[in-house]
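Trainee: My questions all concern the structure below.
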Amino acid sequence: MDAIVWFTYVATVLVLMSTPGPSQLLILSNSISYGLGRSMYTAAGDLTANFLQMIVASVGLASLVASSETFFMVVKWAGVAYLVYLGARQVLSSQPLHCGQEAAQRSASSLYWQGFITSAANPKAVIFFAALFPQFINPQNALLPQFIVLSVTYLTLDGVFLFGYGRFAGWVRGHLSFGSHGVINKICGSLLIGAAVMLGSRDIK
């Protein structure tokens, strides 16, 4: 891939990632609740879903996704309901979190699937990748290496952004009073509900 094209792609992706979405809010919530290290399981789930969405887009299924509106609306609203459930449960919880409780609160697999479901429930992702990638692919060159470069680049940048959000949340966590009854639960639950609202506001058009 031409270096200028790649740098243009990187700049484009950075601009697109500059506004936080549902996955970023989920990372903030989980990092505050369980610490940066455990929130990376959530990031891994998000990146896995993104990679699968890239594969779907790359094999020309974007048109099928766009035509299967009913199915993808069901997937989207199931994801919204899941986030609202997690957020409401955390807001209403009477047990404040403490630094030594992270491992007992959520398993690694639970945090991973939170990230995966939240990202997979975004109905625009496949169409987004199907629209984005062709702008930077030269049809005269081998397609697979270009797809790999674009995918790895995107996942790397997304991972860096998610880590940055997690680090920021870790800083916030260090400045909050964990002795304040329920304050962490309410903040994190509100972030989850906010992620649900953002996800619900998106469509597949």
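The values are calculated or read from the model by the stated rules, or taken from the named source; none is laboratory data. What you see is a predicted model; the values in this text were computed from it and never measured. For neighbour counting, all protein chains shown are included, and Cβ atoms are generated from backbone atoms with ideal geometry for every residue, glycine included. With ligands, DNA and RNA removed, areas are computed over all heavy atoms of the protein, side chains included. Shrake-Rupley method; radii C 1.70, N 1.55, O 1.52, S 1.80 Å.
Trainee: How much of F163 can a 1.4 Å solvent probe reach, expressed as accessible area in Å² and rounded to 10?
Mentor: Estimated to the nearest 10 Å², F163 gives 90 Å².
Trainee: Next question. Output ³J(HN,Hα) for segment 9-23: one whole-Hz value per residue in order, computed from phi by the Karplus curve 6.51 cos²θ - 1.76 cosθ + 1.60 with θ = phi - 60°, and x for Gly and Pro.
Mentor: With coefficients 6.51, -1.76 and 1.60, one gets 4, 4, 4, 5, 5, 4, 5, 5, 8, 5, 9, x, x, x, 5 Hz.
Trainee: Could you tell me the accessible area of W77 in Å² (1.4 Å probe, neighbours in place), rounded to the nearest ten?
Mentor: Using a 1.4 Å probe on the heavy atoms, I get roughly 120 Å².
Trainee: Could you list the residues of segment 17-59 with an amide nitrogen less than 20 Å from a label point located 7 Å from the Cα of N141 in the Cα-to-C-beta direction?
Mentor: Of the residues in segment 17-59, 55, 58-59 have backbone N under 20 Å from the label point off N141.
Trainee: If the chain between Y85 and S107 were fully stretched, how many nm would it gain, using 0.36 nm times the residue separation less the Cα-Cα distance?
Mentor: 6.2 nm
Trainee: Read phi for every residue in segment 130-142 and hand back ³J(HN,Hα) as whole Hz from Karplus 6.51 cos²θ - 1.76 cosθ + 1.60, θ = phi - 60°, with x for Gly and Pro.
Mentor: Karplus-based 3J(HN,Hα) across segment 130-142 equals 5, 7, 6, 4, x, 5, 10, 9, 8, x, 7, 9, 4 Hz.
Trainee: Rounded to the nearest 0.05, what FRET efficiency do I55 and I4 have when you use their Cβ-Cβ distance and R0 = 30 Å?
Mentor: It comes out at approximately 0.65.
Trainee: For A121, which sequence-distant residues (separation of 5 or more, or a different chain) have an amide H within less than 5 Å of its own amide H, given hydrogens modelled in the peptide plane?
Mentor: Sorted by chain and number, the residues that satisfy this come to none at all.
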